[in-house]
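Reading through the structure tokens given below for one structure.
The values are calculated or read from the model by the stated rules, or taken from the named source; none is laboratory data. Predicted model, so just to flag it, every value in this text is computed and none were measured. Here Cβ is always computed from backbone atoms with ideal geometry, including for glycine, and neighbour counts include all displayed protein chains. Remember, those area values only see protein heavy atoms, side chains included, never the ligands or the DNA or RNA. Shrake-Rupley method; radii C 1.70, N 1.55, O 1.52, S 1.80 Å.
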Amino acid sequence: MPLFKRRTVGNPGEWFYCLEHKKVEEGPDCPGKDRMGPYATHEEATHAMETARERNAEWETDPRWHDAPAGGPDDA
């Protein structure tokens, strides 16, 4: 008998976006490596990829994420 049980069903109201199936699912039906979330609403989960793209763009242009000092090898 295992000490820890894998949670097979989610809590009501937990929404995830499955990266493998490209769809919104209620509860963690797919493995964690294949999903984004949890989101509070179905609508938020529907826009998971848009939200990720927007956040990635913000992080890529954020000067705090660039570790190289000015005039370093990346500034060629």
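Share of carbon and sulfur in the accessible area of the stretch 10-67 stands at 52%, probe radius 1.4 Å. A simple packing score, the average count of other Cβ atoms within 10 Å per residue, orders the peptides 38-46, 53-61, 14-22 as 14-22, 38-46, 53-61, with the highest score first.
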